[in-house]
1. Taking the stated definitions as given, is L75 in contact with a helix residue (DSSP H, G or I) (Cβ under 7 Å, 6 or more places away or on another chain), open to solvent by less than 70 Å² (accessible area, probe 1.4 Å), farther than 12 Å from V25 by Cβ and of a type in the set (A, V, I, L, M, F, W, C)?
2. Report whether or not L6 is of a type outside the set (D, E, K, R) and modelled with pLDDT of 85 or more.
3. Looking only at the stretch 39-59, filter to residues that are assigned to a loop (DSSP other than H, G, I, E, B) and touching a Lys or Arg at 6+ places or on another chain (Cβ under 9 Å); which one of those is most open to solvent (accessible area, probe 1.4 Å)?
4. Testing F98 on (1) touching a helix residue (DSSP H, G or I) at 6+ places or on another chain (Cβ under 9 Å); (2) more than 21 Å from A21 (Cα to Cα); (3) in a loop (DSSP other than H, G, I, E, B), one condition comes back false. Which one is that?
5. Kindly indicate the residue of the stretch 135-176 that is open to solvent by 80 Å² or more (accessible area, probe 1.4 Å), at pLDDT below 80 and not polar (S, T, N, Q) and also nearest to E72 (Cα to Cα) among those meeting that condition.
6. State whether one or more residues within the stretch 109-121 are open to solvent by 20 Å² or more (accessible area, probe 1.4 Å), of a type in the set (D, E), in a loop (DSSP other than H, G, I, E, B) and touching a residue at least 24 places away in the same chain (Cβ under 8 Å).
7. Among the numbered criteria (1) under 19 Å from V119 (Cβ atoms); (2) open to solvent by less than 40 Å² (accessible area, probe 1.4 Å); (3) part of a loop (DSSP other than H, G, I, E, B), which single criterion is violated by F68?
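The values are calculated or read from the model by the stated rules, or taken from the named source; none is laboratory data. It should be emphasised that the depicted structure is a prediction, and the values quoted were computed from it without experimental measurement. Cβ placement follows ideal geometry from the backbone for every residue including glycine, while neighbour counts extend to all protein chains displayed. What goes into the accessible areas is simple: the full protein's heavy atoms, side chains included, and nothing from ligands, DNA or RNA. Shrake-Rupley method; radii C 1.70, N 1.55, O 1.52, S 1.80 Å.
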Amino acid sequence: MAKVELKQPIVEAIAEEIKDAQSVVLVDYRGLTVAQDTELRKQLREAGVVYKVYKNTMMKRAFEGTEFEGLESCLEGPSAIAVSKDDATAPARILCNFAKDAPALELKGGVVEGSVYDVAGLTELSKIPSREVLLSRLLGSMQSPIANFARVIKQIAEKDGEAAPAEEAAADTAEAPATEAEAPAAE
């Protein structure tokens, strides 16, 4: 069996992983300890990000003819690939945050929603909160006016509830003399 035939299934596996991916980030993992690598893989897995190490030539062949072809210039030295099909910013966010504590991890570049980014661009993208955080912030900002309105209505109702007995007492005293005055006139 020729070497090309042995490598073809690996290229196809990479192509399948990046198919329909929202983002792909390449990193140089040299210098990470086993504990750091294990922790990084755990964080990525929890976020639904596929993280694997492949040969650069295999990734280059898999990238050909796709939107990830711009990453070929990043395929120098040992490379690991992080692929996300759900959250476009997750790989950049997790890898950049992890690189703060583990300087041995170096970002090379990435493609997020069809655009190629260098390390500086990925660092800026990593500052964007996750989709869930953005949605919860949006929901919170939508609920805030409603909650404030409900609070004001409740305060008005409580204020009217306290004022109502005083008004009733004043009305009773005002009505009582008028009733007495009318009663003798009716006789």
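1. Yes; evaluated as a whole, the condition is true for this residue.
2. No; evaluated as a whole, the condition is false for this residue.
3. Ranking the qualifying residues of the stretch 39-59, first place goes to K55.
4. It is condition (3) that F98 fails.
5. L135
6. For the stretch 109-121, residues open to solvent by 20 Å² or more (accessible area, probe 1.4 Å), of a type in the set (D, E), in a loop (DSSP other than H, G, I, E, B) and touching a residue at least 24 places away in the same chain (Cβ under 8 Å): present.
7. The number of the failed condition is (3).
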